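Worksheet: one structure, shown below.
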Ligand code: AHN
Ligand code: ZN
């Protein structure tokens, strides 16, 4: 019995040591940037989780509501407290139902003078209705994953940048508004705008891509995060990202692989989707990829069963997924 226990401890010790040492060798390889050595600081998924929880606590972040306004102020305050230079871009946009939406893109910049920049993005608004739910299809959703997860990971990155030596490049974090105000599933013929077919989704990125927060703004590349917090989420190489920015996809997926996250970042393609990165690529001409959940067996096409339902709440968020995504992004940006 003793012997078995001893052998068990030996094996366990070896496994733990084995994991540790393989992680260290990645650290060393990842930290060599030219001749200068920088350490990649650690990403704290507990902290990211709390940033998600805090957003959800404001209530539904639906444009033109007090919860939306208060959450926007919270995001602005957090970015400022983490030393970012913050620019608020306020604008008005018409929704599919004719309503005027008062929207706000929130941008936090690090190392604003640097020419080489990376743009990190997520949307901070939530969908006004759970139109994929079985019931209450006109009730709003909490959007713990659809919205808050990407923002939570990026706030944690802002916190990490503030407390550690920053990467040599500039980093811009942008929280897009109005991504999820697309027409309800029951609306079969969405109205035109000025006689033109209009995409009613992604209003914040559509506006920003044509009116960047700084005239002539550009970036080396961009990474969009959308639904990056669900338990056992899988991220496939999304069609739009592969069309516009295949090299960035390759870089990020190989970083994830070297960190041991191939079970999250799958080396397979998924269909392209309409999301904020499309407008950043098409109109701002910045190669931007989308790290977005894709479930090949999805009951509701593409995403997990919670998508655009009342089940999109804190219960589906898993810190391990947040860790895989956050760490992969930190390693990517510190290696530029
Ligand atoms: C549509 O479902 C139209 N676009 C997928 C992008 C999305 C929706 N992201 C969050 N909600
Ligand atoms: Zn959505």
Worksheet item: Is it true that residue 252 is out of contact with any helix residue (DSSP H, G or I) (no Cβ under 8 Å at 6 or more places or on another chain), in contact (Cβ under 8 Å) with a residue 24 or more places away in the chain and surrounded by 22 or more Cβ atoms within 10 Å (Cβ to Cβ)?
Response: no
Item to complete: Please find, within region 299-316, the residue that is nearest to ligand 2 (Cβ to nearest atom) out of those that are touching a strand residue (DSSP E or B) at 6+ places or on another chain (Cβ under 8 Å) and not in a helix (DSSP H, G or I).
Response: 303
Discussion item. Pull out all pairs, ordered by first then second residue, where Cβ-Cβ is under 7 Å, the residues are six or more apart or on different chains, the first lies in region 125-146 and is free of Cβ contacts under 8 Å to residues at least 60 places away in the same chain and more than 16 Å from residue 97 (Cβ to Cβ), and the second is more than 12 Å from ligand 1 (Cβ to nearest atom) and in a loop (DSSP other than H, G, I, E, B).
Written reply: none
Discussion item. Report every pair of residues separated by at least 6 positions or lying on different chains whose Cβ atoms are under 6 Å apart, first residue within region 297-326 and closer than 14 Å to residue 130 by Cα and touching a residue at least 24 places away in the same chain (Cβ under 8 Å), second within 12 Å of ligand 1 (Cβ to nearest atom) and in a helix (DSSP H, G or I).
Written reply: 312/145; 312/146
Fill in: Flag if residue 170 is within 14 Å of ligand 1 (Cβ to nearest atom), within 25 Å of residue 218 (Cα to Cα) and either at pLDDT 95 or above or touching a helix residue (DSSP H, G or I) at 6+ places or on another chain (Cβ under 7 Å) (or both)
no
Response to the item:
If you go through 203, 196, the only one that is more than 25 Å from residue 151 (Cα to Cα), out of contact with any helix residue (DSSP H, G or I) (no Cβ under 7 Å at 6 or more places or on another chain) and either within 16 Å of ligand 1 (Cβ to nearest atom) or without any contact (Cβ under 8 Å) to a residue 12 or more places away in the chain (or both) is 196
Response to the item:
Pairs returned, first residue in region 104-123 that is modelled with pLDDT under 95, second residue that is not in a loop (DSSP other than H, G, I, E, B), beta-carbon separation under 7 angstrom, 6 or more apart or interchain, are none
Discussion item. Can you say whether residue 228 is within 16 Å of ligand 2 (Cβ to nearest atom) and either in contact (Cβ under 8 Å) with a residue 60 or more places away in the chain or buried (at least 16 other Cβ atoms within 10 Å of the Cβ) (or both), as far as the supplied structure shows?
Written reply: yes
Worksheet item: Could you say whether any residue in region 267-274 is away from ligand 2 (no atom under 15 Å from the Cβ) and more than 20 Å from residue 324 (Cβ to Cβ)?
Response: yes
Worksheet, complete the sentence: Only one of 125, 131 is within 14 Å of ligand 1 (Cβ to nearest atom) and surrounded by 21 or more Cβ atoms within 10 Å (Cβ to Cβ), namely 125
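The values are calculated or read from the model by the stated rules, or taken from the named source; none is laboratory data. On a predicted model such as this, the values are computed, not experimentally measured, just so you know. Note: ideal-geometry Cβ built from the backbone for every residue, glycine included; neighbour counts use all protein chains shown.
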